[in-house]
Amino acid sequence: MLDYDKEAGAYDATRGGEARAAAAAAAVLTLIPENLGSPARPARLLDLACGTGIVTRRLAAARPALQVTGADRAPGMARMAAARLPGSVLLADSRRLPFRDATFDAVTTVWLLHLIADATEVRGIVAECARVLRPGGVYVTTVDKAAAHDVGSDIDAVLAARPRRPASDACADVTAHARASGLLPAGQAVFTGVGQGRSPRSTLADLRRGWFTMLPPDDPRAEGFAERLAALPDQDRRRPDPRFDVRAFRRPAAC
């Protein structure tokens, strides 16, 4: 896994920046009802693994009535998020959330579950998200992230034979985890990863810096993939942007 403390400073610029953040936030918001909370109790949203807060800030701006909290376990990321949402960001481990049961009306995890290699940990994270949801609350998460990057390009053809671990954010598995924690499917959305289309040269750079976790730069097989990427035409032309899948799960309202 990448060192997200070191990645924090350049993270947004290398992940589509504000354009991608706007698309992600818009998709997430379509799955969060506007009538959460009550006149006596403002609705609360937890954006878990909020990273630099680039999406979190947009969630808060689009829904001023929502009390939005960002949480991340990487100090470098949390510092950047705190600059965007002063007083609303904390350090927290997604496996052991520092909140009481039924604290939030919505919990979001945008690009978190795919990072966790252990399926048991993924199940535990989903369970924690469910635990802190109030009855009637909604959990929204991205799924199938790695699959979204396969757009049928010549780059994908080169990378098809690379070693990879099973997707920990596979939609079927995440749905099963959610159901096991008492959550029911409640909708889906799709958004474009603006600016994230890969070029051969950028993919080769990612390979060299260890982006592909099962194919580290010192793996003897890496050089063969590097040579094939370097031989592709139009080295700086980006192929189509990925399309990301977002799913929502609701905790049934109390009777």
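The values are calculated or read from the model by the stated rules, or taken from the named source; none is laboratory data. It should be emphasised that the depicted structure is a prediction, and the values quoted were computed from it without experimental measurement. Methodologically, a virtual Cβ is constructed for each residue, glycine included, from the backbone with ideal geometry; neighbour enumeration extends over all protein chains shown. The protein model used for the area step is the full one, side chains on, heavy atoms only, and it has no ligands, DNA or RNA in it. Shrake-Rupley method; radii C 1.70, N 1.55, O 1.52, S 1.80 Å.
General observations
- Placing a pseudo-label 7 Å from each Cα along the Cα-to-Cβ vector at Asp234 and Ala160 gives an inter-label distance of 1.9 nm.
- Cα→Cβ-extended label distance, 7 Å offset, between Ala19 and Ala62, nm: 1.8 nm
- With viscosity 1.002 mPa s and temperature 20 °C, the Kirkwood radius over alpha carbon pairs of the chain converts through Stokes-Einstein to a diffusion coefficient of 113 µm²/s.
- Potential lengthening of the chain between Ala26 and Arg201 amounts to 60.0 nm, from the contour at 0.36 nm per residue minus the alpha-carbon distance.
- You can think of it this way: the chain between Val151 and Asp118 has 9.3 nm of extra reach, that is 0.36 nm per residue less the Cα-Cα gap.
- Carbon and sulfur %, accessible surface of the range 140-255 computed with the full protein complex present, 1.4 Å: 55 percent
- Charge dipole (debye, nearest 20) of the chain; +1 at Cβ of Lys and Arg, -1 at Cβ of Asp and Glu: 660 debye
- When the inverse distances between all different Cα atoms of the range 84-141 are averaged and flipped, the Kirkwood radius reads 12.2 angstrom.
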